Every structure is written in C-alpha cells, then in structure tokens.
C-alpha cells in the first residue's frame, strides 16, 4: 500500500486531503505543517509519496523540496500550488518533483495525480 505524507500549513486542507485518500484506500503516514515538523517526522517514517505545498508563511516549499530530494532521494514528491505559473512547475520538476497539482482541485484531480505518481 502506498504510504503518503501531507505537508501544508493549512490544517483544514490536510484534513480534507487525508479524508479523500483514506476513503480511497491510501494510507496517510503523517501530516506536517512546516519543514521542521516534516524533517523530524521523516527521521521516524519515510513515505513513498509526499504531497508538498509550495507556499508557507515563513518558508518556501521549493527549498524544502530541494533539501528533501538530497536527504531522501527515493521519496516521490507531488508539489501542490495555487499559482498556475510555468516557472513554479518547471522549478519543481527540475528539483525532482514527479508532478504538480494545482489548487483548487477536486477529489478526482487529487486521486488522478496520486495515481500518476505510481507509474
């Protein structure tokens, strides 16, 4: 079973994504609201897939992505962003993201994006 981690500063969004993934048969291993929380939890559990928001109040998700891929290169990362800018998608893919999911998204978009990471 695919082990997934969610990283977003919005508790509400993390909860909604968790509910969709849980009800679709996926296992959400953990949630994190910032980079310190993420890297602390990664020391205990390593997911197969990490859904990572780009914008946080005090940090940049793309910086987290770069650090994550250096320390945990086998973890697939699906970047989540509300800005449909080609530069963000290009940078995310250059840093090792396996895909980009644009907000707002619906249940089908989320599940399709997660499924595509398994190919």
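Brief remarks on what is shown
- Answer residue from the range 20-58, given it is part of a helix (DSSP H, G or I) and touching a helix residue (DSSP H, G or I) at 6+ places or on another chain (Cβ under 6 Å) and is modelled with the lowest pLDDT among those: 35
- Residue 66 meets each of the listed conditions (1) in a loop (DSSP other than H, G, I, E, B); (2) surrounded by 12 or more Cβ atoms within 10 Å (Cβ to Cβ); (3) out of contact with any strand residue (DSSP E or B) (no Cβ under 7 Å at 6 or more places or on another chain) apart from (1).
- Scanning the range 81-104 for residues that are free of Cβ contacts under 8 Å to residues at least 12 places away in the same chain and either under 16 Å from residue 7 (Cα atoms) or touching a helix residue (DSSP H, G or I) at 6+ places or on another chain (Cβ under 7 Å) (or both) yields a total of 0.
- The set of residues in the range 96-119 that are part of a helix (DSSP H, G or I) and touching a strand residue (DSSP E or B) at 6+ places or on another chain (Cβ under 8 Å) comprises 109, 110, 113, 114, 116, 117.
- With respect to being under 11 Å from the mean Cα position of the chain (by Cα) and farther than 14 Å from residue 3 by Cα, residue 77 falls outside the description.
- Failed criterion for residue 84 (all others in (1) at negative phi; (2) modelled with pLDDT of 95 or more; (3) in contact with a strand residue (DSSP E or B) (Cβ under 7 Å, 6 or more places away or on another chain); (4) in a loop (DSSP other than H, G, I, E, B) hold): (2)
- Some residue of the range 84-94 being under 23 Å from residue 19 (Cα atoms) and surrounded by fewer than 18 Cβ atoms within 10 Å (Cβ to Cβ): no
- Condition check for residue 6: surrounded by 18 or more Cβ atoms within 10 Å (Cβ to Cβ) and assigned to a strand (DSSP E or B): yes
The values are calculated or read from the model by the stated rules, or taken from the named source; none is laboratory data. Predicted model only: the values in this text are computed from it and were never measured. So basically every Cβ, Gly included, is an ideal-geometry build from the backbone, and we count neighbours across all protein chains shown.
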